[in-house]
Amino acid sequence: MTRGKSNVLYLVLATVVFLSGVFDILRIYLPTRLTHGSVNSIVQIYIYNYLYFIFRNLSTPIYILFIFSVCGMWHEFNKDILLKLTWGVPVAAIITIIIADIFVHRLFVITPDLEYVRGPWLSYMRICAIWILAYSVICLVYNRNMISRQKFLLLLTLCPINIIGVVIQQYFPRYMVEILCTTFPLLFISLAVQKPEEIIDLTSGSLNYYAFREEIKRNLAAKRKLRFVAIKIIDFDQIKNTIGKENVSSFLTNIIKFLYSICNNDEYDVYYLSEGAFAILTLRDDANEIDIIAQKTRNFFAAKHEIHNINLMFDFKMCFVRCPEDLKDYDSVMDFEKNLLNSVKEKNTLVFLREIASSTDFQISNQIDRIIQHAIRDNRFEMYYQPIYEINTRQYVSAEALIRLKDDTFGFISPAIFIPAAEKTGAIHEIGDFVLENVISFISENNLEQYGIDYIELNLSVAQCIESNLSEKVMDLLKKYTVSPDKINLEITETSQDVNYDVIEQNINKLSDNGISFSLDDYGTGYSNILRISRLPLDIIKLDKTFVDDLDKPGMKTVISETIAMLKKMNKKILVEGVETYEQFDYFRNAGCDYIQGYYFSKPLPKKDFFDFMEASENGKSSSTLTNASFSAGGTSNE
């Protein structure tokens with residue numbers, strides 16, 4: 001199941017040890033069956049002994065090569081003359097002794113009675129064997145940080161157990177335990193070091209994300225150069241639905257086979273990282289060769305693919321990366337791989353990281369997970385508030401709380417970047433808790449009624465909506481800050497994600513029963529389920545900014561009027577987001593909407609500026625021209 005140089009060396013090692021055992025048995029057992037004094041019998045025993053010596057003494061040198069491969073030192077071994085000499089001199093000495101002994105018989109002698117008699121050269125053979133054994137221990141100890149502690153200890157066991165076997169068989173020849181003592185550590189290595197289920201993706205048969213991660217970690221820790229091509233199929237979910245889940249495995253397997261075929265070199269490894277993401281990695285530094293492979297890979301993904309009589313063209317993103325030139329450390333590589341879709345803007349072409357790595361957009365996208373963690377740790381989040389205008393009363397009656405992140409290095413980070421990233425990593429729960437407590441505390445500490453503000457709207461992420469204790473969490477915070485439930489309105493967002501809607505509905509109904517009102521945010525961007533909307537206790541439906549942006553497109557006004565009419569019949573209040581001009585405001589006011597939100601009235605504002613705005617507007621009666629000129633908070637109107 002396992003591909004790669006380590007696996008080849010392990011199989012060679014296992015074969016050599018097996019043959020050592022076979023010839024060890026033959027050289028001891030056959031003398032009891034062959035004719036004593038026969039020249040043919042003596043020759044046979046000599047042959048079996050020489051074959052035993054060859055295979056037995058090759059096992060440890062091959063084991064050292066296996067260690068080099070497992071620890072990621074193979075590249076150094078290929079380049080370093082001293083490493084080769086330290087390994088090769090005792091191996092050459094052993095082979096020389098065996099060849100010379102064919103003529104002088106100083107290693108051992110077979111008597112006419114077919115008895116085995118040790119010779120004086122056996123001591124030299126043992127010195128070479130001890131040299132190689134010590135060298136293997138030194139290699140392991142030197143590279144112990146390249147592998148896990150468990151693997152290090154298991155690899156190390158071969159040496160002392162080997163020595164024990166040699167000593168026992170030396171002084172008690174009747175007990176042939178030497179090969180047995182080599183076999184057991186090989187079994188342990190097979191189970192715990194090679195361990196196919198740990199490093200192989202069973203769907204595609206390729207090396208998996210864990211194997212990729214460990215290879216990156218080992219080589220960067222050893223300060224080696226490595227190159228890899230990262231590929232991500234953007235519409236992988238759509239492909240799975242098109243070809244059927246039962247055909248996904250063969251689809252992935254065919255891609256892996258092709259990638260291996262274009263590499264055509266065992267110094268390139270192919271990885272399937274999950275969900276349509278692949279990588280080709282090598283320690284070779286041949287720019288022309290790697291460029292040819294990358295271009296062939298790009299052409300393959302850009303071509304038409306026939307899968308079970310279905311012709312497919314798929315979108316992908318692809319980037320060539322050099323380490324440490326482009327990405328210097330392990331965390332940077334992992335961040336890049338995770339955020340490839342956001343970090344690389346161009347589709348269906350080969351992008352070189354060196355050409356985009358210096359841009360601010362790339363730096364933010366590639367480091368967004370760390371930026372979020374630092375923001376949580378250092379309290380870098382801040383709440384902004386965007387006033388909401390009620391058409392009937394011609395006043396600002398509420399405001400939406402919008403989170404902002406200000407990083408020391410990059411300044412303001414758009415919510416469109418950090419919110420999806422936080423949802424992927426689970427950090428959205430901590431951010432959501434911050435928003436809930438901060439907004440409820442804000443309501444508690446300020447007399448909003450004097451500004452005409454009846455309630456504050458705040459967003460709940462999909463991840464928060466499926467928290468089993470959401471209702472208790474919100475009610476506990478309201479009680480802690482003595483805030484009435486009618487002072488907040490929770491916004492939930494349409495989604496096409498595969499989520500547990502039963503849990504969401506239970507949470508919404510619990511909170512609604514406790515007096516909390518709800519809005520549906522970004523209506524029109526997800527897969528709207530009218531039945532679900534009709535049975536949820538939603539007070540306000542917020543039309544997404546796309547309704548405003550596409551207002552002049554053919555047919556859009558018909559869609560808007562019909563949508564508003566339907567929602568009105570369901571007794572829903574309607575809010576329009578993203579209104580930026582008087583013409584847009586006038587259209588939606590006359591179309592029957594209840595609330596308007598957008599830059600036409602005000603951008604999202606920090607707390608102090610928000611209160612200054614409310615005072616200057618005389619509770620919403622001032623002209624919008626003043627508000628547009630007075631403040632600037634950054635971001636888009638519906639963020």
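The values are calculated or read from the model by the stated rules, or taken from the named source; none is laboratory data. Remember, predicted model here, so these are calculated numbers, not experimental data. Note: ideal-geometry Cβ built from the backbone for every residue, glycine included; neighbour counts use all protein chains shown. Please note that ligands, DNA and RNA were not included when accessible areas were found on the heavy atoms of the full protein model with its side chains. Shrake-Rupley method; radii C 1.70, N 1.55, O 1.52, S 1.80 Å.
Structure notes:
- Reported count of residues in segment 394-414, each being out of contact with any strand residue (DSSP E or B) (no Cβ under 6 Å at 6 or more places or on another chain) and in contact (Cβ under 8 Å) with a residue 60 or more places away in the chain, is 3.
- In segment 520-604, counting only helices (runs of 4 or more DSSP H) that sit wholly within it, the ones holding 2 or more residues that are farther than 30 Å from ALA616 by Cα and open to solvent by 30 Å² or more (accessible area, probe 1.4 Å) span 530-535, 556-569.
- Checked against the criterion of being within 29 Å of ASN241 (Cβ to Cβ), touching a strand residue (DSSP E or B) at 6+ places or on another chain (Cβ under 9 Å) and either of a type in the set (Ser, Thr, Tyr) or without any contact (Cβ under 8 Å) to a residue 60 or more places away in the chain (or both), the candidates ILE504, ILE488, ILE466, ILE443 yield just one match: ILE504.
- Flag if ASN628 is part of a loop (DSSP other than H, G, I, E, B), under 45 Å from the mean Cα position of the chain (by Cα) and modelled with pLDDT under 90: no
- Residue ID - most open to solvent (accessible area, probe 1.4 Å), chosen from residues in segment 307-337 that are part of a helix (DSSP H, G or I) and either in contact with a Ser or Thr (Cβ under 8 Å, 6 or more places away or on another chain) or touching a residue at least 60 places away in the same chain (Cβ under 8 Å) (or both): TYR330
- Identity of the residue in segment 363-387, under 22 Å from the mean Cα position of the chain (by Cα) and surrounded by fewer than 19 Cβ atoms within 10 Å (Cβ to Cβ), that ends up modelled with the lowest pLDDT: GLN363
- Residue match in segment 65-76 (condition: surrounded by fewer than 18 Cβ atoms within 10 Å (Cβ to Cβ), over 19 Å from ILE179 (Cα atoms) and among the aliphatic types (A, V, I, L, M)): no
- Evaluation of ILE417 against (1) under 27 Å from ALA616 (Cα atoms); (2) in contact (Cβ under 8 Å) with a residue 60 or more places away in the chain (one fails), failing number: (1)
- Per-region count, segment 216-230, residues out of contact with any Gly (no Cβ under 7 Å at 6 or more places or on another chain) and in a helix (DSSP H, G or I): 4
- None of GLU390, GLU355 is acidic (Asp, Glu), in contact with a Gly (Cβ under 9 Å, 6 or more places away or on another chain) and open to solvent by 30 Å² or more (accessible area, probe 1.4 Å) except GLU390.
- Residue under evaluation GLU430, criteria (1) of a type outside the set (Ser, Thr, Tyr); (2) over 23 Å from GLU337 (Cα atoms); (3) under 23 Å from the mean Cα position of the chain (by Cα); (4) open to solvent by less than 50 Å² (accessible area, probe 1.4 Å), criterion not met: (4)
- Which listed residue is open to solvent by 30 Å² or more (accessible area, probe 1.4 Å), among the polar types (S, T, N, Q), within 23 Å of the chain's Cα centre (by Cα) and at pLDDT 90 or above, from ASN342, ASN348: ASN348
Per-residue answers, yes or no, for (1) in a loop (DSSP other than H, G, I, E, B); (2) of a type in the set (Ser, Thr, Tyr):
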{"position": "ILE164", "(1), (2)": "no, no"}
{"position": "MET176", "(1), (2)": "yes, no"}
{"position": "CYS181", "(1), (2)": "no, no"}
{"position": "SER190", "(1), (2)": "no, yes"}
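- Some residue of segment 203-217 being surrounded by fewer than 19 Cβ atoms within 10 Å (Cβ to Cβ) and of a type in the set (A, V, I, L, M): no
- Members of segment 26-85 that are closer than 24 Å to ASP269 by Cα and among the polar types (S, T, N, Q): SER69, ASN78
- MET73 being over 28 Å from ARG224 (Cα atoms) and either at pLDDT 90 or above or of a type outside the set (Val, Ile, Thr) (or both): no
- So ILE130, is it of a type in the set (A, V, I, L, M, F, W, C), touching a residue at least 40 places away in the same chain (Cβ under 8 Å) and surrounded by fewer than 16 Cβ atoms within 10 Å (Cβ to Cβ): no
- Residue match in segment 87-106 (condition: touching a residue at least 60 places away in the same chain (Cβ under 8 Å) and in contact with a helix residue (DSSP H, G or I) (Cβ under 8 Å, 6 or more places away or on another chain)): no
- Residue within segment 143-166 that is hydroxyl-bearing (Ser, Thr, Tyr) and over 34 Å from the mean Cα position of the chain (by Cα) present: no
- Hits in segment 448-472 - residues which are small (Gly, Ala, Ser) and crowded, with 17+ Cβ neighbours inside 10 Å: GLY452, SER461, ALA463, SER471
- Breaking point among (1) closer than 27 Å to LEU85 by Cβ; (2) hydroxyl-bearing (Ser, Thr, Tyr); (3) open to solvent by 40 Å² or more (accessible area, probe 1.4 Å), for SER136: (3)
- Qualifying residue in segment 79-92 (condition: surrounded by fewer than 18 Cβ atoms within 10 Å (Cβ to Cβ) and at pLDDT below 85): yes
- Residues of segment 410-428 that are polar (S, T, N, Q) and either out of contact with any helix residue (DSSP H, G or I) (no Cβ under 8 Å at 6 or more places or on another chain) or at pLDDT 90 or above (or both): SER414 alone.
- One residue stands out in segment 285-306 among those that are aliphatic (A, V, I, L, M) and more than 20 Å from THR242 (Cα to Cα): the one that is surrounded by the fewest Cβ atoms within 10 Å (Cβ to Cβ), namely ALA287.
- Inclusion of LYS304 among residues that are more than 14 Å from ILE280 (Cα to Cα) and either hydroxyl-bearing (Ser, Thr, Tyr) or free of Cβ contacts under 8 Å to residues at least 60 places away in the same chain (or both) is warranted.
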